[in-house]
Amino acid sequence: MKIVLASDHGGFELKEEIKKHLTKKGYSIIDMGVNNTESVDYPDYGKRAALMVADKEADRGIIICGTGIGISIAANKVKGIRCALCTNEYMAKMSRMHNNANMLALGGRVVGLGLAIDIVDEWLSAEFEGGRHENRVNKIMDIEISKEEEK
Ligand code: RB5
């Protein structure tokens, strides 16, 4: 599985740790930055990673800013993206099982390293349940289509 990672300065350290962890586990990683803690704008990085997932250049995306909020909002503006901001393993599992989230957002200033790694592992191993959830997820994606029709 190919995973794209991106963060702003608030998520840089956690991104680096997640990269090490996932590389060790054998995942193929695409790192879209940042490469240091210099201040940047999180929407640029959320969008960059989201486009990789939307264009199927990566199977999944994990994005990190200080809280995870800004970067997840930005990623969710990209067509085809279902980005879930998770602060615990249960949310991570359910975001896959019920929402078929294709991106995970984390807050580098919110979750500690151990918890973040557990969230990532849970999120990567849980599968979408389909069934009644399929119709609900399709309804989310239909909102994108009706937005386009309004134009
Ligand atoms: C940057 O200071 C901070 O605003 C950003 O990392 C993030 O938390 C935004 O939602």
Exercise for the section: With the condition kept exactly as written, say whether any residue in segment 51-62 is assigned to a helix (DSSP H, G or I), touching a Leu at 6+ places or on another chain (Cβ under 7 Å) and open to solvent by less than 40 Å² (accessible area, probe 1.4 Å). Expected result: no
Exercise for the section: State all residues of segment 63-83 that are closer than 15 Å to residue 110 by Cα and either open to solvent by 20 Å² or more (accessible area, probe 1.4 Å) or modelled with pLDDT under 95 (or both); if no residue qualifies, say none. Expected result: 67, 69
Handout entry: Residues (touching a Leu at 6+ places or on another chain (Cβ under 9 Å), open to solvent by less than 20 Å² (accessible area, probe 1.4 Å) and not β-branched (Val, Ile, Thr)) located in segment 100-121
Key = 104, 105, 106, 107, 116
Exercise for the section: Quick one: in segment 1-29, of everything that is part of a strand (DSSP E or B) and of a type outside the set (S, T, N, Q), which residue is farthest from the ligand (Cβ to nearest atom)? Expected result: 2
Exercise for the section: Could you check, for segment 86-99, whether at least one of its residues is open to solvent by 10 Å² or more (accessible area, probe 1.4 Å) and within 16 Å of the ligand (Cβ to nearest atom)? Expected result: yes
Handout entry: Enumeration of residues in segment 71-85 that are of a type in the set (Val, Ile, Thr), without any contact (Cβ under 8 Å) to a residue 40 or more places away in the chain and either within 15 Å of the ligand (Cβ to nearest atom) or part of a helix (DSSP H, G or I) (or both)
Key = 73
Fill in the blank from the handout: Scanning segment 57-70 for residues that are within 14 Å of the ligand (Cβ to nearest atom) and over 17 Å from residue 16 (Cα atoms) gives 69, 70
Exercise for the section: For residue 18, state whether it is of a type in the set (A, V, I, L, M, F, W, C), closer than 16 Å to residue 113 by Cα and either within 13 Å of the chain's Cα centre (by Cα) or surrounded by 16 or more Cβ atoms within 10 Å (Cβ to Cβ) (or both). Expected result: yes
Fill in the blank from the handout: Quick count over segment 30-49, residues being within 15 Å of the ligand (Cβ to nearest atom) and more than 15 Å from the chain's Cα centre (by Cα), is 7
Fill in the blank from the handout: Within segment 21-50, the count of residues that are surrounded by fewer than 23 Cβ atoms within 10 Å (Cβ to Cβ) and either basic (Lys, Arg) or under 13 Å from residue 104 (Cα atoms) (or both) comes to 4
Exercise for the section: Select from segment 6-60 the residues that are touching a strand residue (DSSP E or B) at 6+ places or on another chain (Cβ under 7 Å) and free of Cβ contacts under 8 Å to residues at least 24 places away in the same chain and list them in ascending order. Expected result: 19, 23
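The values are calculated or read from the model by the stated rules, or taken from the named source; none is laboratory data. All figures in this text were calculated on a predicted structure; none of them were measured in a lab. Positions of Cβ are backbone-derived with ideal geometry, glycine not excepted, and every protein chain shown enters the neighbour counts. For the accessible areas, the whole protein counts, side chains as well, though only heavy atoms, and no ligand, DNA or RNA atoms are used. Shrake-Rupley method; radii C 1.70, N 1.55, O 1.52, S 1.80 Å.
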